[in-house]
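A short write-up of the structure that comes next.
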Amino acid sequence: MTTVRAALASPRRLRAEVLGGLVVALILIPESIAFSVIVGVDPRVGLFTTVTMSIAIAFTGGRPAMISAATGAVSLVVAPLAHAHGVDYLVATVLLAGVVQVVVGVLGVARLMRFIPRSVMVGFVNALASLVFISQLPQLVGVPWLVYPLVVAGVVIIWLTPRLTTAIPPPLVAVVVLSVVVLVGHLAVPTVGDQGALPTSLPTLGLPDVPLTFETLRIIGPTAVAMALVGLMESLLTAKLVDDLTDTPSSKTREAWGQGVANVVTGLFGGMGGCAEIGPTIVNVRQTGARSRVSTFLAGALLLALVLLLGDAVAQIPMAALVAVMLMVAFTTFEWRSIAPRTLRRMPKSETAVMLTTLLTTIVTHNLAIGVILGVLVAGVLFANRVAQVTTVTRVARVTRLGDTDEARDGEHTSDGERTCEHPSGNASDGEQTYAIEGELFFASANAVIESFDYTGDPDRVVLDLTGAQVWDASGVAALDAVVEKYARHGTRVRMVGLDERSAARLERLRGHLGGLGQ
């Protein structure tokens, strides 16, 4: 992880940070305008949102070099409220969402990241790449035919530039070359200026004009919570992706509350809210080599300078150049190995199903949060099913053993809840049957365990050898209670032996208070 001081002290590193910020700023202009159109606000709102988000997160974020801006995911969440109630209620929603993000960030929501499986991450990355690609299609429909060769030329330039030099980011080369070609050739193609008016003055600080009543809270509350969660999910997953790309760690907790602070700042300047954005982040990290907060800050600062000081020149940049950049981002971001025939043959079908669920759900809904949540749920169900299938109950052969009595030996765990230190190893006395239970006893395996015993045919003493088992939850305890009670109906006494310390403590605390399952 490159610090700001290290970036400023190294001319080579500083050049990468500056060029990265410049390229990202150019990319963010048409995107911010497009997201403004989705929400139904003036293009200036989207542009100032991106400026304030980028600059604020450069100071508060936990993942250096990650770009936060106005995004499609957040725009889709807040658009209905903005259309129904206007800009002031939109700004109030952004402020409340920022506060929610700060609170859940401080409470440690980032720790939930460890519950997201790799297959969901792969689906998330592929979905992001797909959405970036889909977002460019409107720029390729109903346009002059010259746009298509320009886009192809831009893609070729981006692909060839690293083979010729690494001094200049390929996207910047493509933007400059295609802009010169269009201007010199007087080509009539769509430009950035066609997307909407650029701002001519700085944003102003203020509060939204809404009544401070419970009715206002009722209107903005649900949307604010949805915005906060969607923004956090996309930001934290993007941060993890950048961690993997750079092989450096980042503070997810700081990123969580940092996004909240950035949204509060954005709301105070009348913005429409945002979060981390995958496309510009990949350009900044992978294609320009930026690694510090300097590039994130400059992305916002240079965007503001470009639209205020060089607005006329920026307006002449052909959209074809920016489309070429984003298409290459989509192509390089997609995990092509995840859909390669060789990978699909080797990968468990459940893993592929989770990846495809995340990918397809996100593409259909255009909502990364829904895709990730559904992917995690499917992964959890499939995982529980796999674990449940490896839980076994084995009937151990009965062997006559002289000298044993019906009484439990000192320290054994009986059906009355006493602990054991020694237990049968499969050799039972007359009238005693041992079952070896192995695996995890929890909600998914409980019913199968209950159904694995011969309640009517077993002798009057049964030993449950739990040496190879662990009791994970109340369902596991209830299952053992049910086995004991079913045997008791037939006059059979049950001893449980071999429990590990944690499982024995859980059994001691809960048994007899839950009611048996499957009775």
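Here are the criteria: (1) at pLDDT 55 or above; (2) assigned to a loop (DSSP other than H, G, I, E, B); (3) open to solvent by less than 30 Å² (accessible area, probe 1.4 Å). Tell me which single one residue 454 does not satisfy.
(3)
Of all residues being part of a helix (DSSP H, G or I) and among the aliphatic types (A, V, I, L, M) in the range 272-301, which is surrounded by the fewest Cβ atoms within 10 Å (Cβ to Cβ)? Just the residue, please.
Looking at the filtered set, the residue picked out is 301.
Condition (residue is in contact with a helix residue (DSSP H, G or I) (Cβ under 6 Å, 6 or more places away or on another chain), open to solvent by 50 Å² or more (accessible area, probe 1.4 Å) and among the aliphatic types (A, V, I, L, M)) applied to the range 118-125: is it met by at least one residue?
No; the residues of the range 118-125 include none that is in contact with a helix residue (DSSP H, G or I) (Cβ under 6 Å, 6 or more places away or on another chain), open to solvent by 50 Å² or more (accessible area, probe 1.4 Å) and among the aliphatic types (A, V, I, L, M).
List the number of the failed condition for residue 15; all other conditions in (1) out of contact with any Ser or Thr (no Cβ under 8 Å at 6 or more places or on another chain); (2) charged (D, E, K, R); (3) modelled with pLDDT under 90 hold.
(3)
Which one of these does residue 447 not meet: (1) over 14 Å from residue 393 (Cβ atoms); (2) in a helix (DSSP H, G or I); (3) polar (S, T, N, Q)?
Of everything listed in (1) over 14 Å from residue 393 (Cβ atoms); (2) in a helix (DSSP H, G or I); (3) polar (S, T, N, Q), residue 447 misses just condition (1).
Here is a list of conditions, (1) over 39 Å from the mean Cα position of the chain (by Cα); (2) surrounded by fewer than 20 Cβ atoms within 10 Å (Cβ to Cβ); (3) among the charged types (D, E, K, R), and residue 500 meets all of them except one; can you say which number that is?
(1)
Name the pairs whose Cβ atoms lie under 9 Å apart, with the first residue in the range 37-58 and within 17 Å of residue 73 (Cα to Cα), the second aromatic (Phe, Trp, Tyr) and in a helix (DSSP H, G or I), and 6 or more positions between them or separate chains?
46/35; 49/35; 50/35; 54/297
Taking the condition out of contact with any Leu (no Cβ under 7 Å at 6 or more places or on another chain), open to solvent by less than 30 Å² (accessible area, probe 1.4 Å) and over 21 Å from residue 246 (Cβ atoms), does residue 60 pass?
It is false that residue 60 is out of contact with any Leu (no Cβ under 7 Å at 6 or more places or on another chain), open to solvent by less than 30 Å² (accessible area, probe 1.4 Å) and over 21 Å from residue 246 (Cβ atoms).
Confirm whether residue 55 is closer than 30 Å to residue 192 by Cβ, open to solvent by 20 Å² or more (accessible area, probe 1.4 Å), in a helix (DSSP H, G or I) and at pLDDT 95 or above.
Criteria met by residue 55.
Identify all residues within the range 442-451 that are free of Cβ contacts under 8 Å to residues at least 60 places away in the same chain and open to solvent by less than 10 Å² (accessible area, probe 1.4 Å); write none if there are none.
Across the range 442-451, the qualifying residues are 445, 449.
Can you tell which of 77, 18, 94 is out of contact with any strand residue (DSSP E or B) (no Cβ under 9 Å at 6 or more places or on another chain), open to solvent by 10 Å² or more (accessible area, probe 1.4 Å), under 27 Å from residue 367 (Cβ atoms) and in a helix (DSSP H, G or I)?
Testing whether each residue is out of contact with any strand residue (DSSP E or B) (no Cβ under 9 Å at 6 or more places or on another chain), open to solvent by 10 Å² or more (accessible area, probe 1.4 Å), under 27 Å from residue 367 (Cβ atoms) and in a helix (DSSP H, G or I) leaves just 77.
Please tell me if residue 161 is touching a residue at least 12 places away in the same chain (Cβ under 8 Å), over 30 Å from residue 353 (Cα atoms) and of a type in the set (S, T, N, Q).
In short, yes.
Looking at the structure I just gave you, is residue 133 touching a residue at least 12 places away in the same chain (Cβ under 8 Å) and loosely packed, with under 14 Cβ neighbours inside 10 Å?
For residue 133, the condition - touching a residue at least 12 places away in the same chain (Cβ under 8 Å) and loosely packed, with under 14 Cβ neighbours inside 10 Å - is not met.
Counting only residues that are surrounded by fewer than 22 Cβ atoms within 10 Å (Cβ to Cβ) and not in a helix (DSSP H, G or I), how many does the range 318-366 have?
Residues flagged as surrounded by fewer than 22 Cβ atoms within 10 Å (Cβ to Cβ) and not in a helix (DSSP H, G or I) within the range 318-366 amount to 6.
Give me a count of the residues in the range 261-271 that are closer than 14 Å to residue 74 by Cα and either hydroxyl-bearing (Ser, Thr, Tyr) or surrounded by fewer than 24 Cβ atoms within 10 Å (Cβ to Cβ) (or both).
Adding up the residues that qualify gives 1.
Please go through the range 302-311 and pick out each residue that is open to solvent by 20 Å² or more (accessible area, probe 1.4 Å), in contact (Cβ under 8 Å) with a residue 60 or more places away in the chain and farther than 30 Å from residue 250 by Cβ.
308
The values are calculated or read from the model by the stated rules, or taken from the named source; none is laboratory data. Keep in mind it's a predicted model, so treat the numbers as computed, not measured. Methodologically, a virtual Cβ is constructed for each residue, glycine included, from the backbone with ideal geometry; neighbour enumeration extends over all protein chains shown. Quick note on the areas: whole protein, heavy atoms, side chains included, nothing else; ligands and nucleic acids left out. Shrake-Rupley method; radii C 1.70, N 1.55, O 1.52, S 1.80 Å.
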